[in-house]
Protein chains: 2
Amino acid sequence: MYIEYKKPVFITTTASVAGKKESEGPLADSFDETTVDDYFGMDTWEKAESEMQSRCIKHLLHKKGIGKGDVNLLCGGDLCNQITSTAYTMREFEFPFLGLYNACSTMAEGMITAACMIDGGFADNAIALASSHFCTAERQFRTPLDYGGKRTPTAQWTVTGCGCVMLEKAGKGTAITAAQIGRVVDLGVKDANNMVDAMAPAAAQTIKEYLKNSGTKAEDYDMIITGDLGRVGTKLLKELLEKEKITLNNHNDCGLMIFSQNQNVQSGASGCGCGATVMAAEILPKMANGKLDNILFIATGALMSPATTMQGETIPCIAHLVNIKGQRETKKL
Amino acid sequence: MYIEYKKPVFITTTASVAGKKESEGPLADSFDETTVDDYFGMDTWEKAESEMQSRCIKHLLHKKGIGKGDVNLLCGGDLCNQITSTAYTMREFEFPFLGLYNACSTMAEGMITAACMIDGGFADNAIALASSHFCTAERQFRTPLDYGGKRTPTAQWTVTGCGCVMLEKAGKGTAITAAQIGRVVDLGVKDANNMVDAMAPAAAQTIKEYLKNSGTKAEDYDMIITGDLGRVGTKLLKELLEKEKITLNNHNDCGLMIFSQNQNVQSGASGCGCGATVMAAEILPKMANGKLDNILFIATGALMSPATTMQGETIPCIAHLVNIKGQRETKKL
């Protein structure tokens, strides 16, 4: 479903908190906070992920100079069963809360939903948030951490990180101006260690539908950035779009930016925290600084569960897209 | 967060499919379809829940006389980890899809989100959907089905059922006119067999905030109906609201309507399919027939997971509310 917002929905503040491995990567200095202890001082990985979210929200409120009572709504989620990381964090902040789950596309889903609530006239501001934690995700979706299983070349490393953005009706500069809500695609992939073969077609479909609906071309954008397709998925995405006569010369992937090649992450990074942190820490600040002016952010989600994987099911995927414009573009609107 | 829709968002069609035990209860004749086989012809409970959803959507499309390409958006979810029942159903229909998770409050969350997408001008129509299945939920949240554990007096029976509604910009008659997006409440309850002690305070908070924001009183409504508080939770909700000088004389609970007392369901029914089916099969048709004119539907969700329960965590809860008006009320607007 194509959305053209009536007015720009401004992204006024961003915040991010990331884990130890992320603090050793190329974006180390961009996060608001990193940790040397992936437990974040807690006694379970699940509580650690909530604590990471809590710190991220506090950075956002602090940077914005507001209190928790000033927030109209939070739209967000995470990868844990029943999105408990987010639900438990919400105890502390008591924001009106719409819990979302579309796997690693949750950050884009949150941005779209929050922007609709604002542009529709229901809220003056809303936070979009997503997180993932290597230790909650890997043991839940794949194998026990202590098992030390060999990782396949197509495997991706789940980011330990939380990113959130404050969307507002009033503002100037960077803003969400359009979006495409994705549809589920399932081409029959069954390998939970190769989710990008399943996710790339969803990204291709959403990009293609968005370009058609908006009457724009791939080359109109400074950057087309996907959430976590990694090396393998990026290659496939480009091939799929070439067949539709769409050339991605200006593509990047959050899953290829957060770690360096020598960090042993195989095909790249993944997790809803991947797109969320890279957008909050790197891309959106670049837009605020005028270094990027018109981008598409496409986050892809693989919607299987450990139960469906064990039952031999295929992996349905979805991709949501937001068009974000910088100040040179939004002041024309 | 209080929402007053600019125009009524019409509920033009409803559909419901329910399981065997539900087909032996007082609402047996109200569902569009019931089954004698809770597997719905599938080989796993998870596939059964997706099949039940699929049939429910087909009833909706058939009653409405439209094809799957005519649907702008689906907002919905279920209780399975990673809301897989809904994600897998979406493969068949290819609707633009926003996956939601707020446990048993998901039907109200879906109705609110879908209504915002329509009233905000982003969609002409949208389906809100939620389901639960006794066999996917009980084994996931509590004990293996074959274990045959003794049920406590506070236990509730998870409904096997799916309900969905078509919301539209154009229409007449029954419509959503206002809503309250809930905030997480956690009073420290830890017993997964007594979730209503956790959920009732969330319902009380949302009802109290809604009445204050809307400037209305409990007695202004023909019916105030909760999703699945059951007998124990209903008693607690009334006590909590009495302390706030709010008397619920016109209250009912979907969890007390779908089964009869002799069906051995202890405190009543639960699950997001409970509120969804009772609304779709019983309450909304009564509104369409002019038997009810102004109601509040409050669905409550217990946001724990099996992992957090095992980790000794408390149960955070949330309640979302929609105000639904009948034709006598909406034609005045």
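Structural remarks
- Total charge dipole magnitude, the stretch A:226-306, about the Cα centre, Cβ charges on Lys, Arg, Asp, Glu only, Debye to nearest 20: 100
- Förster-model FRET efficiency, 56 Å R0, residue B:249 and residue A:187, C-beta, rounded to 0.05: 0.50
- Estimated translational D of the stretch B:284-333 in µm²/s (Stokes, Kirkwood radius over Cα pairs; 10 °C; 1.306 mPa s): 118
- Chain B has one residue whose beta-carbon comes closest to the axis relating it to chain A; that residue and its distance in whole Å are B:120, 1.
- 10 Å binning of all Cα-Cα separations within the stretch B:144-283, expressed as whole percents from 0 upward: 11, 37, 36, 13, 3, 0
- Aspartates and glutamates with Cα under 17 Å of residue B:286, excluding same-chain neighbours fewer than 8 positions away: B:29, B:32, B:222, B:253, B:329
- Pairs of Lys residues in the stretch A:60-197, spaced 8 or more positions apart or belonging to different chains, with C-alpha separations under 26 angstrom: 7 in total.
- In this simple spin-label approximation, residue A:139 and residue B:213 carry label points 7 Å from Cα along the Cα→Cβ vector, and these lie 3.8 nm apart.
- Remark: the stretch A:273-282, residue by residue, has Karplus-estimated 3J(HN,Hα) of x, 5, x, 5, 6, 5, 5, 5, 8, 10 Hz, where x stands for each Gly or Pro and the curve is 6.51 cos²θ - 1.76 cosθ + 1.60 at θ = phi - 60°.
- Mean residue ellipticity at 222 nm, helices only, chain A: -9500 deg cm²/dmol; runs of at least 4 DSSP H residues each add -39,500 (n - 2.57), and the sum is divided by the number of residues.
- Alpha carbon convex hull of the stretch A:10-138, volume per residue in cubic angstrom: 108
- Share of alpha-carbon pairs per 10 Å distance bin for the stretch A:212-271, given as whole %: 22, 48, 24, 5, 0
- Sequence-distant residues sharing a close amide H with residue A:178 (under 5 Å, placed H): A:5, A:323
- Residues in the stretch A:182-193 carry Karplus couplings, in order, of x, 10, 5, 10, 9, 9, x, 6, 10, 8, 5, 9 Hz; the curve used is 6.51 cos²θ - 1.76 cosθ + 1.60 with θ = phi - 60°, and Gly or Pro positions show x.
- Cα-based Kirkwood hydrodynamic radius, chain B, one decimal, Å: 19.3
- Pairwise Cα inverse-distance average, inverted: Kirkwood Rh of the stretch A:179-232 (Å): 12.4
- Translational diffusion coefficient (Stokes-Einstein; Kirkwood radius from C-alpha pairs) of the stretch A:214-333 at 37 °C, 0.692 mPa s, in µm²/s: 210
- Mean Cβ neighbour count within 10 Å, used as a protection proxy, ranking B:123-130, A:168-175, B:244-251 highest first: B:123-130, A:168-175, B:244-251
- For residue B:235, inter-copy separations between label points set 7 Å beyond Cα along the Cβ vector come to 6.5 nm, shortest first.
- Proximity of backbone amide H atoms, modeled 1.01 Å from N, is registered between residue A:102 and no other residue at under 5 Å, excluding neighbours fewer than 5 places apart on the same chain.
- Sequentially through the stretch A:222-227, phi angles give Karplus couplings (6.51, -1.76, 1.60; θ = phi - 60°) of 5, 8, 10, 10, 9, x Hz, Gly and Pro residues having no value and appearing as x.
- The share of Cα pairs per 10 Å bin across the protein assembly as shown, counted from zero up to the longest distance, runs 3, 18, 29, 28, 16, 5, 1 percent.
- Exam field: residue B:263 pseudo-label spacings to other copies (7 Å along Cα-Cβ), nanometres: 5.2
- Relative contact order, percent, the stretch B:180-316 [alpha-carbon distance under 8 Å, six or more residues apart]: 35
- Calculated FRET value between residue B:333 and residue A:172, using beta carbons and R₀ = 45 Å, to 0.05: 0.80
- Across the identical copies, how the residue B:29 labels are spaced - nm, sorted shortest first, 7 Å along Cα→Cβ: 7.6
- Candidate residues B:265, B:189: accessible-area rank, largest first, probe 1.4 Å: B:189, B:265
- Just checking the listed ones, B:90, B:111, B:195: in the Gaussian network model of chain B with Cα springs under 10 Å, the one fluctuating most is B:90.
- Taking amide H atoms as placed 1.01 Å from N in the peptide plane, the amide H of residue A:183 lies under 5 Å from those of A:319, each 5 or more residues away in sequence or on another chain.
The values are calculated or read from the model by the stated rules, or taken from the named source; none is laboratory data. Values in this document were obtained by computation on a predicted structure and should not be read as measured data. A quick note on method: Cβ atoms are made from the backbone with ideal geometry, for glycine too, and the neighbour counts reach across all protein chains shown. In case anyone asks, the SASA skips ligands and DNA or RNA and just uses the protein heavy atoms, side chains included. Shrake-Rupley method; radii C 1.70, N 1.55, O 1.52, S 1.80 Å.
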